[in-house]
Amino acid sequence: GTIKTERPDGTHMINIKESILPILNFARIYSLRDNIKEVPTLARLSKLHETGKLDSESYSNITNAFESLWKLRFSNQVFAHGELRKLNDNLIPAQIPESNLKELKKAVAVIPGIQSRLSYDFLGIDES
């Protein structure tokens with residue numbers, strides 16, 4: 001698979017924070033719907049799973065994606081700080097080690113599925 005990138009200044013980049021937002025919003029929206037009071041995203045996802053609102057496979061895929069994206073975001077910021085660069089959420093795929101690039105691709109592959117589920121559950125639109 002490929003990753004959709006932005007091209008500020010001609011450099012292919014992916015904004016990792018924007019990649020995390022669909023997962024955050026998914027957890028928030030379903031938690032609001034189901035009156036789940038937990039605040040951290042992983043706690044919300046766990047509660048959705050515990051209450052049967054999220055099956056085991058979906059729970060595993062979404063939490064793994066969320067954790068992978070956060071890890072990549074954090075690593076990117078640590079490296080930027082160490083190199084005295086301005087901190088931001090932009091990753092340059094060409095500069096990411098192959099193992100991290102595979103992890104990134106696997107994580108972002110989860111996002112269309114959760115977006116489709118939101119569309120179907122809240123708008124009645126089947127995007128598959």
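The values are calculated or read from the model by the stated rules, or taken from the named source; none is laboratory data. Remember, it's a predicted structure, so these values are computed and weren't measured experimentally. Cβ coordinates were reconstructed from backbone atoms using ideal geometry, including for glycine residues, and neighbour counts include every protein chain displayed. Just so you know, the surface numbers come from the protein's heavy atoms only, side chains and all, with ligands and any DNA or RNA stripped out. Shrake-Rupley method; radii C 1.70, N 1.55, O 1.52, S 1.80 Å.
At 10 °C and 1.306 mPa s, what whole-number value in µm²/s does Stokes-Einstein give for the translational diffusion of the range 35-124, with Rh from the Kirkwood sum over Cα pairs? Could the numbers behind the result be given before it?
Values: Rh = 14.9 Å.
The calculation lands on 106 µm²/s.
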inquiry  = For a quick check of your reading of the filter: which GluC sites (Glu not before Pro) in the range 50-120 sit in a DSSP loop and have no more than 13 other Cβ atoms within 10 Å?
reply    = 83
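If each residue of separation counts as 0.36 nm, what is the full-extension length gain between residue 64 and residue 95 once their alpha-carbon separation is subtracted?
On the way: separation 31, 0.36 × 31 = 11.16 nm, distance 2.25 nm.
Gain in length upon complete extension: 8.9 nm.
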ask   = Looking at the range 50-120, which trypsin sites (Lys or Arg not before Pro) are in a loop (DSSP not H, G, I, E or B) and have at most 13 other Cβ atoms within 10 Å?
value = 85, 86
ask   = For the residue pair residue 18 and residue 37, what label-to-label distance in nm results when each label sits 7 Å from Cα along the Cα-to-beta-carbon direction?
value = 3.7
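Taking only the C-alpha atoms, wrap a convex hull around the range 4-68 and report its volume per residue in Å³ as a whole number. Mind showing how you got there, number by number?
Details: hull volume 5.7 nm³, N = 65.
Output value, Cα hull per residue: 88 Å³.
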ask   = So what is the relative contact order of the chain, in percent, for Cα pairs below 8 Å that sit 6 or more residues apart?
value = 31
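State in Å² the accessible area per residue of the chain; use a 1.4 Å probe, count heavy atoms of protein chains only, and round to the nearest integer. Before the final figure, lay out each step's value.
Numbers: 8180 Å² over 128 residues.
Ligands and nucleic acids excluded, the figure is 64 Å² per residue.
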key: Eligible lysines near residue 47 by straight Cα distance, threshold 20 Å, same-chain separation 8 or greater   = 37
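For the chain, what does -39500 (n - 2.57) per DSSP helix run (n ≥ 4), summed and divided by total residues, give at 222 nm, in deg cm²/dmol to the nearest 500? Show your work: numbers first, answer last.
Working: 5 runs with 74 residues, N = 128.
So the calculated ellipticity at 222 nm is -19000 deg cm²/dmol.
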key: Nearby lysines by direct alpha-carbon distance to residue 17 (threshold 19 angstrom, same-chain neighbours under 8 apart not counted)   = 4, 71, 86, 102, 105, 106
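Suppose R0 equals 30 Å; then what is the FRET efficiency for residue 55 and residue 85 from their Cβ-Cβ distance, rounded to the nearest 0.05?
On the way: r = 41 Å, r/R0 = 1.37.
About 0.15, to the nearest 0.05.
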